[in-house]
Amino acid sequence: MAQHCQDCGFSNADGANYCQRCGAFLAQSDAASGATTASYKVGETGDLEEMQLQEVVERGAALVIRAGGGRAGETFRLDGDRLTVGRRPDSDIFLDDITVSRDHAVIVRRGADYYLDDCGSLNGTYVNRSRIESHRLSDGDELQVGKYKLAFLSR
């Protein structure tokens, strides 16, 4: 059964979370369903090491994958002034899926703030269900890059 977008009326495939035409959110949010995301990092041995979200935030800003690619909970600390996001294997935040452009977006620190800038990606970059070219990130923002949904966490 197709899901119709309440914003633009487009008929999307069953199970879609975002409208293929306008990017509007289609499914019930994780917050409303009571679901939470565990956070982890890949350790030096390649094993997954669980992290508490409070511990992550105390060290500075981070992105946590909420859904997509079977990687929910993977955490990326934003400790550089410029981090690349894309399908290119040498990206700082490597998201391996055809819905992600090779050079999809960049996260730039400007003073104390972080900005997400789209790099002309084919499928666009979304923050809180709105397509963006450049956006100053705030704690709790939901980013969508291809099929990946990520949460921005800061102090």
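The values are calculated or read from the model by the stated rules, or taken from the named source; none is laboratory data. In this text the structure is predicted, and so the values were computed from the model without any measurement. Ideal geometry is used to build each Cβ from the backbone, glycine not excepted, and the neighbour counts take in all protein chains shown. Ligands, DNA and RNA are stripped out before the accessible areas are found, and what is left, the full protein with its side chains, is counted by its heavy atoms. Shrake-Rupley method; radii C 1.70, N 1.55, O 1.52, S 1.80 Å.
All conditions but one from (1) part of a strand (DSSP E or B); (2) more than 19 Å from Cys19 (Cα to Cα) apply to Leu143; the one that does not is (2).
What number of residues in the range 105-124 are within 16 Å of Leu78 (Cβ to Cβ) and not in a loop (DSSP other than H, G, I, E, B)? Don't jump to the end; show me each part of the working.
The initial filter retains those residues of the range 105-124 that are within 16 Å of Leu78 (Cβ to Cβ), namely 105-117.
Then keep just the ones that are not in a loop (DSSP other than H, G, I, E, B); that gives 105-110, 113-117.
Selection size over the range 105-124: 11.
In the range 45-65, the qualifying residues are those that are in a strand (DSSP E or B) and modelled with pLDDT under 75, and the one that is most open to solvent (accessible area, probe 1.4 Å) is Glu50. Filtering the range 100-133 to residues that are open to solvent by less than 70 Å² (accessible area, probe 1.4 Å) and of a type in the set (Asp, Glu) leaves Asp113, Asp117, Asp118.
Can you confirm whether Asp97 is surrounded by fewer than 19 Cβ atoms within 10 Å (Cβ to Cβ) and closer than 19 Å to Asn17 by Cα? Even if it seems obvious, please write down each step before you answer.
Numbers: surrounded by fewer than 19 Cβ atoms within 10 Å (Cβ to Cβ): yes; closer than 19 Å to Asn17 by Cα: yes.
The answer is yes for Asp97.
Exactly one residue among Ala72, Ala151 is assigned to a strand (DSSP E or B), of a type in the set (Gly, Ala, Ser), in contact (Cβ under 8 Å) with a residue 24 or more places away in the chain and at negative phi, and that residue is Ala151.
All conditions but one from (1) open to solvent by 30 Å² or more (accessible area, probe 1.4 Å); (2) modelled with pLDDT of 85 or more; (3) part of a strand (DSSP E or B) apply to Tyr40; the one that does not is (2).
Here Arg136 clears all of (1) closer than 25 Å to Arg21 by Cβ; (2) surrounded by fewer than 19 Cβ atoms within 10 Å (Cβ to Cβ); (3) among the basic types (Lys, Arg) except the condition numbered (1).
Scanning the range 66-91 for residues that are basic (Lys, Arg) and surrounded by 18 or more Cβ atoms within 10 Å (Cβ to Cβ) gives Arg66, Arg87.
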